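Contents: one structure, followed by commentary.
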Amino acid sequence: MTSFGRRNRARGEAPVARVFARPSSFRQFGRQLGLVIALSLVGCSLWLGQARSQQPEYVLGVGDRLRVTVFGREDLSGQFGVRAPGVVALPLLGPVSVAGRTVSDLEATAAERLENEFQISAPVTVDVIEYRPFYIVGDVNRAGAYPYVSGLVVLQAVAIAGGYFVAEPSDRRRELDAISARENLKVLEGLYTSEVARGARLSAEQEGLDEIAFPEALPGPRDDPAVAELLDAERRLFEARRNGLAKEIEVITRQIDFYKQEIAALDGQFESNTRQKELIESQLEDTRSLVEKGLARKPTLLELERVEADIDGDRYQIQAYLARARQHIGQAEQEILKLRNDYSRDVETSIRESQDHRAELEARIESAHQMVAASELFNPVRRSPVSATTRKTFLIVRSTPDGAEELVADELTAVLPGDVVQVPVLESASGTPVLSELDLAPERGRQ
């Protein structure tokens with residue numbers, strides 16, 4: 001026994017050799033540990049599966065962008081935006097209401113209508129490729145609309161908005177925010193006016209009108225120089241596109257007229273050759289009779305037969321020229337039809353894009369109005385910096401099929417697309433809230 005072993009025995013401890021002399025004990029311990037880990041993983045998997053099954057399916061709304069796939073039909077598939085008042089325009093089906101409905105509802109409705117109304121039996125798959133934004137207002141540094149991120153909670157939304165607002169000694173920052181909000185609203189309204197004017201031009205092109213019928217109630221005043229210039233630009237573009245199409249068709253029409261004139265001339269030649277052939281045939285008949293009687297020479301008959309052959313050759317060549325000219329006319333008419341179809345298809349695609357863009361701008365303008373109202377109501381003079389702060393509850397305004405719903409939330413509450421998160425004002429260490437005009441507004445509305 002080594003001196004180390006003797007020291008251990010003197011202290012009542014087991015020798016080192018004895019500790020490592022039982023590998024079966026380690027194997028038994030390993031099996032027990034593996035069993036515990038396996039049971040833990042199974043429990044976690046069951047819990048996660050139950051959590052997923054309890055999560056409600058996503059409800060569609062204005063601002064969502066969808067990818068609709070009809071199996072085997074690329075002409076019916078594509079990306080489409082949900083525009084106000086909660087409809088999506090699908091090929092063949094037209095506007096389909098999706099407000100308050102889930103992705104599964106839209107898949108089932110589209111597949112059922114395609115089969116019942118158009119005898120198209122194909123699976124329909126709908127994916128949300130871009131969620132509508134969420135909104136955050138109140139006691140944050142950069143209130144506004146932000147792109148939705150899957151799995152978002154209130155605390156993450158506050159971080160995206162620049163964190164909780166820290167009071168400053170002056171109200172200059174809020175004044176700048178108010179100016180920025182109003183300028184942003186002005187830019188959005190200008191873009192919306194431009195899109196409305198563009199939509200009016202596209203509608204005039206689709207209906208084949210001679211001039212654009214702009215809406216009487218434009219988002220911007222008609223006497224505004226910027227709006228007047230915008231309308232003039234749309235009129236110039238309308239005339240340029242219409243005249244361009246007309247000139248292309250005019251060039252092809254002139255070619256058709258040329259071929260028709262050529263056909264008329266060839267018809268005249270063919271008619272003349274027909275009369276010549278009739279005369280030659282009459283002469284041939286008389287000459288053959290005279291040759292048989294010995295009153296005419298045979299070379300004269302051969303000469304007449306040669307002339308008849310030349311006339312037949314000319315007739316065949318004229319018929320070939322006629323067929324070729326008629327073929328050119330048919331090709332030119334097909335080219336005109338293609339020009340008109342391409343023009344109409346381009347207009348229809350542009351109209352759909354314009355409608356989607358207008359829906360997006362309407363949502364952004366609504367958010368901008370909220371931002372302007374919030375920035376003008378907020379009074380930083382009534383705020384005072386506090387050292388110890390707590391935020392226990394938040395308010396989420398969520399649109400449902402039954403209307404707007406207010407939910408009391410905490411920092412870990414899930415945020416959904418389209419939600420409006422209202423962040424309360426900081427509370428002092430004693431628990432007394434330091435209120436602002438923005439915080440008092442909801443209370444006044446409930447009175």
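Under 5 Å between amide hydrogens, built in the peptide plane, is the criterion, and for residue 419 it picks out 135 among residues at least 5 positions away or on other chains.
Each of residue 309 and residue 176 was given a label point 7 Å from its Cα along the Cα-to-Cβ line. The distance between the two points is 10.1 nm. Stretched out straight at 0.36 nm per residue, the stretch from residue 203 to residue 317 would grow longer than its current Cα-Cα span by 36.0 nm. The candidates 71, 238, arranged from most to least accessible area with a 1.4 Å probe in the full protein assembly, appear as 71, 238. Converting phi to 3J(HN,Hα) with the Karplus coefficients 6.51, -1.76 and 1.60 and the offset θ = phi - 60°, the range 108-121 yields 5, 5, 5, 5, 5, 5, 4, 6, 6, 8, 10, 6, 10, 9 Hz in sequence order, with x at every glycine or proline. The gain in end-to-end length when the residue 99 to residue 341 segment is fully stretched comes to 83.8 nm, 0.36 nm per residue minus the alpha carbon separation. With the simple model of a label 7 Å out from the Cα in the direction of the Cβ, residue 237 to residue 404 spans 3.5 nm. When 118, 165 are compared by accessible area of protein heavy atoms, the largest-first order is 118, 165, using a 1.4 Å probe. At 1.4 Å probe size, with the rest of the protein present, what percent of the exposed accessible area of the range 55-156 is carbon and sulfur atoms? Summing carbon and sulfur atoms, their accessible area is 52 percent of the total for the range 55-156. Ordering of 208-218, 191-201 by packing is 191-201, 208-218, highest average first (other Cβ atoms within 10 Å, averaged per residue). Bridgeable lysines around residue 247 (alpha carbons under 25 Å apart, same-chain partners fewer than 8 residues away excluded): 260, 338.
Kindly list the residues of the range 294-310 that lie in the label zone of residue 283, defined by a backbone N under 18 Å from the point 7 Å along the Cα-to-C-beta vector. Residues passing the 18 Å test: 295-310. Computed in the context of the full set of protein chains, the accessible area of the range 191-277 at 1.4 Å probe radius has 53% of its extent on carbon or sulfur.
The values are calculated or read from the model by the stated rules, or taken from the named source; none is laboratory data. Everything quoted here is computed from the prediction, not taken from an experiment. Here Cβ is always computed from backbone atoms with ideal geometry, including for glycine, and neighbour counts include all displayed protein chains. Surface areas here come from the heavy atoms of the whole protein model, side chains and all, with no ligands, DNA or RNA. Shrake-Rupley method; radii C 1.70, N 1.55, O 1.52, S 1.80 Å.
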